[in-house]
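First comes the structure, then the notes that go with it.
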Amino acid sequence: MAENDKSNGASYRDKLSTVDNSGRRVWVYAKKVKGKYYNKRQALALILLAFLFITPFIKYKGDPIMLFNVIERKFIIFGVIFWPQDIHLILLVFITILVFVALFTVIFGRLFCGWVCPQTIFMEFVFRKIEWAIEGDAASQRKLDKAPWGFDKLWRKSLKHFIFFLIAIATAAIFLSYILSIDQLKVYLLEGPQIHPGGFAGLLVFSGLFYFVFAFFREQVCTIACPYGRLQSVLIDKKSIIVGYDYIRGEPRGPLSKAKEGNLGDCVACKACVVVCPTGIDIRNGTQMECINCTACMDACDAVMERTGRPKGLIRYDSEEGIETGQRSVFNARSIAYSAVLSLLILFVVALFAMREDSETTILRARGTLFQEFGSDSISNIYTIQVVNKIRKPVNINMKVLSPKGNIKYIMAPGTIEKGTVGKGQFLVILAKKDLKSSKTPIVIGIYSEGKLIEEYKSAFVGPGYLNND
Ligand code: SF4
Ligand code: SF4
């Protein structure tokens, strides 16, 4: 780990920065951030929030374009419907995502946490902004919390928590709409809790959870609860890209007034990087599990470097190795090779989606049956058919014997199969005795939908042995 670990005894590694010596929580009052990285993250956060809140209202051919109905095991991803019969595909996609996340973290560290994690986006670009607007910047918030209860504190706290709770309800409703669909959610809301107690209980639980997380639990989600955060210690190595402090350039740190005396590094010990940190850590201590790579300290330090006429990037995206050797290594052979693997994984998932069939047919010879005489010159076998309709409209299924010449006689026709349902049927395949070559004659059955051949099924037609020499 960083050399500066030793200089301060690394005592920060023994306990969380947000817990004091008596084990009580230290509230983080993060100062407002300004800078190019913050602006970029804010722009991305707005796009992602718009996507989150608008998507449930967008429909494609009558269905939402995104749905994660775990109750009915029906999923729609960018308009492609996955029925319970596609669960293996969903699992494959899920496993691919896990591999992707692990590889991505090995190269890019916690980039995901800082830029696209919903917890960070909601905390930093929704709830904290409201807090800054109502209670002021970090110093005012600290002062307000210490002040005795009076009118000013009462209205500010009440308004803040009232808005927090409204946002929590709206967010919970949106999350539920991804599970139930927005139409179903509207029905629940219009018909009320008497008819849909389960739906309303879900809404209340989610709302309460979101409110608790963003009003009280906050950064502890990242520093204590998040399993992805805990995995960092095994996924990140010296070559992974992190938000890192260049201790070679920065140390020994000291105030600007003493810098003229020489022998000091570029860090002017202003703590601007510390007071903006939403997880309450000091990045100058080295890489820490609590760092969510939010870039706030990079922006804060760059502003200080600019004011003091020093090169920016004292805190920057780099690898531990890059900082140690002075060779910046964001894009190296390893990260390029891993990125190529990540691209292949994405292609794999896209191919899985593209190759998915619109229907899935299973034909089996009926259990316990061999063959029957059909008239004086023919033999029949009984088959069952099961068709899963994975498209958005009803399908009509028909069958023909493609080889050899033969007929189909339905005992129970599969008929019209509604979207997302499974149709079943039973039928006889009738072949002329003269066409049977052995006791097991290979046959091909064509399955047609709307007159179009969609699948071919091969089987062995069972006939009596006396018809031939086997
Ligand atoms: S150390 Fe910097 S990047 Fe890490 S969480 Fe704190 S402010 Fe964000
Ligand atoms: S903001 Fe930069 S100069 Fe100021 S304490 Fe942090 S690392 Fe040092």
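Could you tell me whether any residue of segment 208-221 is over 24 Å from Gly114 (Cα atoms) and assigned by TED's automatic domain parsing to the domain that holds Lys31? Yes: one or more hits. Does Ile283 satisfy being assigned by TED's automatic domain parsing to the domain that holds Lys34 and open to solvent by 60 Å² or more (accessible area, probe 1.4 Å)? Criteria not met by Ile283.
With respect to Ala139, determine if the residue is out of contact with any Leu (no Cβ under 8 Å at 6 or more places or on another chain) and either of a type in the set (Lys, Arg) or without any contact (Cβ under 8 Å) to a residue 12 or more places away in the chain (or both). So Ala139 does not fit the description; no. Scan segment 171-180 and tell me whether some residue there is in the same structural domain as Pro227 (by TED's automatic domain parsing), surrounded by fewer than 15 Cβ atoms within 10 Å (Cβ to Cβ) and in a helix (DSSP H, G or I). No, there is no match, as no residue in segment 171-180 is in the same structural domain as Pro227 (by TED's automatic domain parsing), surrounded by fewer than 15 Cβ atoms within 10 Å (Cβ to Cβ) and in a helix (DSSP H, G or I). Working only within segment 254-268, note down all residues that are crowded, with 16+ Cβ neighbours inside 10 Å, assigned to a loop (DSSP other than H, G, I, E, B) and away from ligand 1 (no atom under 16 Å from the Cβ). Within segment 254-268, Leu264, Gly265, Asp266, Val268 meet the criteria. Restricted to segment 289-328, and to residues that are outside any loop (DSSP other than H, G, I, E, B), open to solvent by 60 Å² or more (accessible area, probe 1.4 Å) and in contact (Cβ under 8 Å) with a residue 40 or more places away in the chain, which residue is farthest from ligand 2 (Cβ to nearest atom)? Ranking the qualifying residues of segment 289-328, first place goes to Glu321. Beta carbons closer than 9 Å, at least 6 apart along the sequence or on distinct chains, pair a first residue in segment 243-270 that is at negative phi and at pLDDT below 90 with a second that is of a type in the set (Val, Ile, Thr) and more than 11 Å from ligand 2 (Cβ to nearest atom) for Gly265/Ile248.
Filtering segment 284-315 to residues that are touching a helix residue (DSSP H, G or I) at 6+ places or on another chain (Cβ under 6 Å) and of a type in the set (D, E, K, R) leaves Glu290, Asp299, Lys312.
Just to verify a result, which residue in segment 54-68, among those that are in contact with a Lys or Arg (Cβ under 9 Å, 6 or more places away or on another chain) and part of a loop (DSSP other than H, G, I, E, B), is most open to solvent (accessible area, probe 1.4 Å)? The qualifying residue most open to solvent (accessible area, probe 1.4 Å) is Lys61. If you go through segment 182-226 and pick out every residue that is β-branched (Val, Ile, Thr), within 26 Å of Val126 (Cα to Cα) and open to solvent by 70 Å² or more (accessible area, probe 1.4 Å), you end up with 2.
Against the conditions (1) away from ligand 1 (no atom under 16 Å from the Cβ); (2) modelled with pLDDT under 80; (3) open to solvent by 20 Å² or more (accessible area, probe 1.4 Å), Ser335 satisfies every one except (3). Note on segment 69-86: among residues that are surrounded by 14 or more Cβ atoms within 10 Å (Cβ to Cβ) and among the hydrophobic types (A, V, I, L, M, F, W, C), the one that is modelled with the lowest pLDDT is Trp83.
How many residues are part of a strand (DSSP E or B) and either of a type outside the set (A, V, I, L, M) or in contact (Cβ under 8 Å) with a residue 40 or more places away in the chain (or both) if we restrict to segment 388-416? Final tally of qualifying residues: 15. Inside segment 269-282, can you point out the residues that are part of a helix (DSSP H, G or I) and more than 10 Å from ligand 1 (Cβ to nearest atom)? Once the filter is applied, which keeps residues that are part of a helix (DSSP H, G or I) and more than 10 Å from ligand 1 (Cβ to nearest atom), segment 269-282 yields only Ala272. Residues in segment 142-161 that are closer than 18 Å to Gly280 by Cβ and touching a residue at least 40 places away in the same chain (Cβ under 8 Å): Arg142, Asp145. Report yes if some residue within segment 274-282 is more than 8 Å from ligand 2 (Cβ to nearest atom), touching an Asp or Glu at 6+ places or on another chain (Cβ under 7 Å) and aliphatic (A, V, I, L, M); otherwise report no. Yes, segment 274-282 contains at least one residue that is more than 8 Å from ligand 2 (Cβ to nearest atom), touching an Asp or Glu at 6+ places or on another chain (Cβ under 7 Å) and aliphatic (A, V, I, L, M).
The values are calculated or read from the model by the stated rules, or taken from the named source; none is laboratory data. Just so it is clear, the model here is predicted, and its values are computed rather than measured. A quick note on method: Cβ atoms are made from the backbone with ideal geometry, for glycine too, and the neighbour counts reach across all protein chains shown. Areas reflect the complete protein model, heavy atoms only, side chains present, ligands, DNA and RNA absent. Shrake-Rupley method; radii C 1.70, N 1.55, O 1.52, S 1.80 Å.
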